[in-house]
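**Q** I have a structure I would like to understand better, so I am pasting it below and will then ask my questions one at a time.
Each value in this text was obtained by applying a stated rule to the coordinates, not by laboratory testing. Quantities reported herein were computed from a predicted structural model and do not represent experimental measurements. Using ideal geometry, Cβ is built from the backbone for each residue, glycine included, and neighbour counts are taken over all protein chains shown.
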Amino acid sequence: MLRARNTVSAIAITAIATFLFATDINAQVTSYAPQVGKPHPDFILPSIGDGEPLQLSSYRGKKVLLMHFASW
């Protein structure tokens with residue numbers, strides 16, 4: 001009985017997480033699409049080495065490679 005309850009709970013949690021993840025992906029995909037020849041929207045991310053914030057616009061006029069990828 002306990003094993004069946006754990007299995008049902010695991011399936012329910014997986015289904016809910018999948019639904020939430022899929023809804024979030026769809027929201028991101030429809031709200032942003034890179035445009036060829038257009039400037040990329042500015043953003044700020046922490047650097048890998050020391051965690052200091054890096055802003056895309058600070059590299060204006062320099063060549064920057066942006067790799068868009070997904071982890072799924």
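**Q** Between Thr18 and Ser57, what is the FRET efficiency for a Förster distance of 30 Å, r being their Cβ-Cβ separation, to the nearest 0.05? Kindly include the intermediate steps, with their values, before the conclusion.
**A** Numbers: r = 36 Å, r/R0 = 1.21.
Efficiency, rounded to the nearest 0.05: 0.25.
**Q** Neighbouring Cβ atoms within 10 Å as the yardstick, rank Phe69, Phe43 fewest first.
**A** Numbers: Phe69 4, Phe43 10.
In increasing order of surrounding Cβ atoms, one gets Phe69, Phe43.
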